[in-house]
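Okay, structure first, notes after.
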Amino acid sequence: MPTDLLEPKIHPTAVVDPEASLAPGVMVGPYAVVGARVTVGPNCWIGPHAVLEGRLTMGRDNRVFPGACLGLAPQDLKYQGCDTEVRIGDSNTFREYVTVNRATEQGQTTRMGDGNLLMAYCHIAHNCILGNRIVMSNAVQVAGHVSIHDSAVIGGALGIHQFVQIGSLAMVGGMSRVDRDIPPYCMVEGHPARVRGLNKVGLQRSGLATIHGPTYLQDLQDIWKLFYRSEMTMAQALEQCRNRSWHGPAATFLHFIEHSLVAGRRGPLPATRG
């Protein structure tokens, strides 16, 4: 019988509030805690000693390993007990002692898409937005209001500053200090982090050539060199790029840089020269 046709299976030592909503096929392990406002989708596995609290909604097929805490109040001095939430998609894995906090202000949300892997001891702070298929190695510490786009790969034991954006298919080396925006498709590492080049292996594996044709990579390299290998400032390179029509990943890269250079944002990471 398919597991999503089975009634939830709750270990006798688990504490599950009667108002919690558990879909068919959910398994709740020993000593886990599930609060009243939690909604868990079909076939999720909630491991021993995991804690799900607050207004938390999870999709199907998620795995929450021992000691992980999802949906608890934000670690933000501005938080005044507002009705905020965490929304999580499908097929995510939260390894041991991962924490994901609710948003801070009334009506706000910490949000995560599908197919993400957060390894042990990662922390996702209030108001973060994560896309799909992101991989975070152990002990990645993500501060509030960070946005991480699809298929980014984040190395272990590093910190990401508040309000930073990390573009799709970016790769961040372990133990880096990320204090500014990381454009999509880039490789980054260092303390402080610096852009080292394009993530060519990730691009080859992504299937973008099938979608955009074989010339997309040359266009992406051309626009990347304008920003990161020319003598122009970011603003000058941006102005020059506007004289040409860009498509596919190159257009995505340009849009990211434009948004990053808006007044009040942290701006894109610089490159390492040489």
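FYI, it's all coordinate maths here, none of it is from the lab. Because the structure is a prediction, the values reported are computed rather than measured. Here Cβ is always computed from backbone atoms with ideal geometry, including for glycine, and neighbour counts include all displayed protein chains.
Below, the figures for the structure above:
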{"quantity": "Fewest-first ranking of E7, E53, using other Cβ atoms within 10 Å as the exposure measure", "calculated": "E7, E53"}
{"quantity": "Sites D76 and Q218, calculated FRET efficiency, Cβ-Cβ separation with R0 35 Å, nearest 0.05", "calculated": "0.20"}
{"quantity": "Pairwise FRET efficiency - E105 versus H259, Cβ, R0 = 25 Å, nearest 0.05", "calculated": "0.70"}
{"quantity": "Relative contact order [Cα under 8 Å, 6+ residues apart], the chain, whole percent", "calculated": "8"}
{"quantity": "Longest exposed-site-free window of the chain, the sites being trypsin sites (Lys or Arg not before Pro) in a DSSP loop that have at most 11 other C-beta atoms within 10 Å", "calculated": "79-241"}
{"quantity": "Hits among aspartates and glutamates - C-alpha to C-alpha of K78 under 18 Å, sequence gap 8 or more where chains match", "calculated": "E105"}
{"quantity": "Environment charge of N199, counting only residues whose C-beta is closer than 12 Å and scoring Lys/Arg +1, Asp/Glu -1", "calculated": "+2"}
{"quantity": "Contour minus Cα-Cα distance for A271 and S21 (0.36 nm per residue)", "calculated": "85.2 nm"}
{"quantity": "Theoretical ellipticity at 222 nm over the chain - DSSP helices of four or more residues, -39500 (n - 2.57) apiece, nearest 500", "calculated": "-5000 deg cm²/dmol"}
{"quantity": "Relative exposure of M171, M234, M187, judged by other C-beta atoms within 10 Å (fewest first)", "calculated": "M234, M187, M171"}
{"quantity": "Taking only Cα atoms of the stretch 3-145, radius of gyration then Dmax in Å", "calculated": "13.9, 43"}
{"quantity": "Sequence of Y121, Y228 once ranked by neighbouring C-beta atoms within 10 Å, starting from the fewest", "calculated": "Y121, Y228"}
{"quantity": "Inverse of mean 1/r across different Cα pairs in the chain, Kirkwood, Å", "calculated": "19.7"}
